[in-house]
Structure formats: structure tokens, C-alpha cells
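Student: Shown below is the structure under consideration.
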Amino acid sequence: PANISIRDLADKMNMAAIELIKNLMKKGKMATINQEIDFELAAQVAEEFDIIVELEEEKDLLEEIFKEVEDKEEDLEARPPVVVVMGHVDHGKTSLLDAIRSTHVTTREAGGITQHIGASTVTLNGKKITFLDTPGHEAFTAMRMRGAQVTDIAILVVAADDGVMPQTIEAINHARAAGVEIIVAINKMDKQGANPDRVKQELADQGLLVEDWGGDTICVPVSAVKGEGLDNLLEMVLLVAEMNNYKANPNCKARGTIVEAQLDKGRGPVATVLVQRGTLKVGDPIVAGCAYGRIRAMVDDKGRQVKKAGPSTPVEILGLSEVPVAGDMFYVANSDKQARQAADKVKAQGRLQILGQSQQKVSLDDLYNQ
Ligand code: GDP
Ligand code: MG
């Protein structure tokens, strides 16, 4: 939310706004004095005048407003694991997710129209698993930068005929940095050149020693195309979930993460959220960054309207004032008013975030004395 009007930027740079407008015009951008430009552009313009614009470290205002209270042990209940599929391009991430999704919807759900909301829930033996399909995605990076633990388990897909590749290593590093469990799926086992032992050796070189070689990395051979090994893989996911005993309090105001968001022509701002704590309900006033509003409707990954969503459940929500940023947290407020005021605070902070430094020394104090 780091936008600044031309007027404010000019003030902070100690310059006439017209100079900035002229500079923008040179860049082929028409702007008026009251128009807001984003941080990127502001930094570009300022640089040409020898002023460095920096983004001040963002205080997490919402986190302060909605301080988390430690849950009591007796309030915690088991929740489904949240899983992300990672791996090198073309190793079969999309195929694997599609295969899992198409074979593991329960009969009750099967009538629903599957729709793409960026996350989905599958069921095996009555137990749920939530898949996020936004791995290398910005949202994932944003969440990680916040240090947020959104995913519990990463399924690392490695093609049996191709082995460990650069993005495989990147994925391993990502998962390790985020502290998530890694389960290896050796995919494309149906192929002629499949060589799982080579994959295991290459994984060992990366410090991932699989179980049948005496290590503790779970490794499952699969074929996404033939649909083989998928149940086994999901059973391993549930096993890891059981060992880690993932829990959350379902009986409190909800909070969670924005997984995806966009502006829908007919429906307005639409966001897919992952509930991480509490239960989200239709009618709840929520805030996510500068966006706020009362939840007008919720749709699950099967395209069904739902009234509530508990921990580890992904849902698409309608009713926000604007499109929130993927990776941001959302919080249920006590009232519509509190939600709006919180969003307003975030917005105001965004305007104050740009501070200049250089020969001209625009200091933080100048900024706050405006
Ligand atoms: P992604 O880039 O990791 O999402 O990979 P895709 O799922 O798009 O798969 C890349 C290619 O590999 C596609 O042509 C798939 O049909 C193929 N593929 C994926 N899984 C398998 C598999 O288990 N066996 C075989 N033979 N081909 C596969
Ligand atoms: Mg893909």
C-alpha cells in the first residue's frame, strides 16, 4: 500500500510538483498533482533528481490491532495439513495436483463444479488435506518474507527421468527456510528412462536421505499420468500430519492468509483465503491490508456456497472494498467500524512510508511533521 501523491512526493523532495509532472510526462505518463503513484515509480522519478526514496520498514499495524491471544490447549482441535507442491518445471507439479484432485473428491462433493480458487481440499479415508497451488508464486514469497507459516508440508516433485534440477534445489531451500516438512514424490515412474535410484542419489547430495537408504526423508514413487502411487503419497501426507499433530482453535474470530485476489467484473474484489485460526462466517467484518468489508458470500473449491469455513479451509470471499494483496493476513474485526478504521490506518501508514534520503536529506522527522 505504498502510494504517494505527486504533491506529497514533491513536498518531501522539496521541489515544485510541476517538475515531477514534467518528468513523468517525459516517461510518457500523464499525472495530475493529486494523483497517486506507486513506490516503484516514485523511486524512479526521485532518482533522476538525485534523491533516493526508501520504503520504511512496515510496522504490521493489523497485527498490533488484532493481537493474537495464546490458545488454551483444550481449545485446540486437529486441523487438516496444508500442502504445497513444488519442483522443477515440467516435472509434473500441475499433472500431479490435477490427478490428486480429480480422484479424491468425496462422492458427496462430486456433484459440485470444480472451480479454480487457488487452493483445494481433497479427502482420503475421511481425512482432509488442503492443497495450495501457488508454489513459486509471489504470494508464497510474500508469506515467507513475513515469516508466516502457511504451509505445513511441501511435496517435492522430481521427474524420475530427469533427476534433481536447479529449481528442485531452489524448492528444497525454500522449504527448509520456511521450516516445512518435505515429502519427495518421484514422478514419471511410467517412463522408459525412469531411474529412481539416480534421483535418490542426487537428493542425498542435497542432504535429503530417503528412508530406504537409512535416512528420514519420505519418498514415494508415482505416475501422475497413470494415476499410480497417489493414494500412497496422500497416506504419507496424512502420516506426517499425524506425527506433527497440527492443531488450531476453531472457536474464535477467524484470521488467515490471502492466497489469491483479483477484481472480478461482475462480483467485484474476490479473494481466496486460507483460514488458519477460528471460523470464518458470512457476515463477518474483515480487514486485509487496506481492504475491508463484510463478507457477502463464500464459495468453496467445489463451487458451492458455504456459510462458514474452519481452520485449514480455503474459501473464496466476496464483499471487500478493494483487492487485497496476496500474502497479506486477514483478520475478522469486532465490527464493521473497527474493520474500516483498521484499513484506514494501514492506508494512512502507506502514505507515510516513503522517505527520501540524499544530499537533500529528507528525514523521517520531516515526513511525520507534514
Ligand atoms: P509442471 O511444469 O511441473 O507443472 O509439469 P506438468 O504437470 O505441466 O507436466 C509436464 C509434462 O510432463 C506434461 O507433458 C505432462 O503430461 C508430463 N507428465 C507429468 N507427469 C507425468 C507422468 O507421471 N508420466 C509421464 N509420462 N508424463 C508426465
Ligand atoms: Mg505447472
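The values are calculated or read from the model by the stated rules, or taken from the named source; none is laboratory data. Keep in mind that this is a model prediction, so the values were computed, not measured. Cβ placement follows ideal geometry from the backbone for every residue including glycine, while neighbour counts extend to all protein chains displayed.
Student: Among the residues of region 111-125, count how many are within 16 Å of ligand 2 (Cβ to nearest atom) and modelled with pLDDT of 75 or more.
Tutor: 3
Student: Here's something else I'd like to know. Could you list, in sequence order, all residues of region 280-292 that are out of contact with any helix residue (DSSP H, G or I) (no Cβ under 7 Å at 6 or more places or on another chain), in a strand (DSSP E or B) and surrounded by 20 or more Cβ atoms within 10 Å (Cβ to Cβ)?
Tutor: L280, A288
Student: Are any residues in region 308-338 of a type in the set (S, T, Y) and in contact with a Ser or Thr (Cβ under 6 Å, 6 or more places away or on another chain), and if so, which ones?
Tutor: S312
Student: Scan region 301-329 for residues that are over 22 Å from N3 (Cβ atoms) and within 17 Å of the chain's Cα centre (by Cα) and report the count.
Tutor: Summing the residues that are over 22 Å from N3 (Cβ atoms) and within 17 Å of the chain's Cα centre (by Cα) in region 301-329 gives 8.
Student: Report, by residue number, each residue of region 300-348 that is assigned to a strand (DSSP E or B) and surrounded by fewer than 19 Cβ atoms within 10 Å (Cβ to Cβ).
Tutor: Correct list: Q305, V306, K308, L318.
Student: Still on this structure: Within region 95-110, restricting attention to residues that are of a type in the set (S, T, Y) and modelled with pLDDT under 90, which residue is nearest to ligand 2 (Cβ to nearest atom)?
Tutor: Per the criteria, the residue is S102.
Student: While we're here: Scan region 246-269 and give yes if some residue there is acidic (D, E), buried (at least 18 other Cβ atoms within 10 Å of the Cβ) and assigned to a loop (DSSP other than H, G, I, E, B), otherwise no.
Tutor: No, region 246-269 contains no residue that is acidic (D, E), buried (at least 18 other Cβ atoms within 10 Å of the Cβ) and assigned to a loop (DSSP other than H, G, I, E, B).
Student: Is at least one residue of region 164-176 closer than 13 Å to L96 by Cα, within 16 Å of ligand 1 (Cβ to nearest atom) and in contact with a Ser or Thr (Cβ under 9 Å, 6 or more places away or on another chain)?
Tutor: No: zero hits.
Student: OK, next. Quick test for you: out of N195, N173, pick the one residue that is modelled with pLDDT under 90, more than 16 Å from ligand 2 (Cβ to nearest atom), among the polar types (S, T, N, Q) and closer than 22 Å to E211 by Cα.
Tutor: Selected residue: N173, the only one of N195, N173 that is modelled with pLDDT under 90, more than 16 Å from ligand 2 (Cβ to nearest atom), among the polar types (S, T, N, Q) and closer than 22 Å to E211 by Cα.
Student: Turning to a different aspect of this structure: Looking only at region 209-239, how many residues end up being free of Cβ contacts under 8 Å to residues at least 40 places away in the same chain and away from ligand 1 (no atom under 16 Å from the Cβ)?
Tutor: Counting residues in region 209-239 that are free of Cβ contacts under 8 Å to residues at least 40 places away in the same chain and away from ligand 1 (no atom under 16 Å from the Cβ) gives 11.
Student: Another question, then. Mind checking whether some residue in region 258-275 is of a type in the set (S, T, N, Q) and within 30 Å of K347 (Cβ to Cβ)?
Tutor: yes
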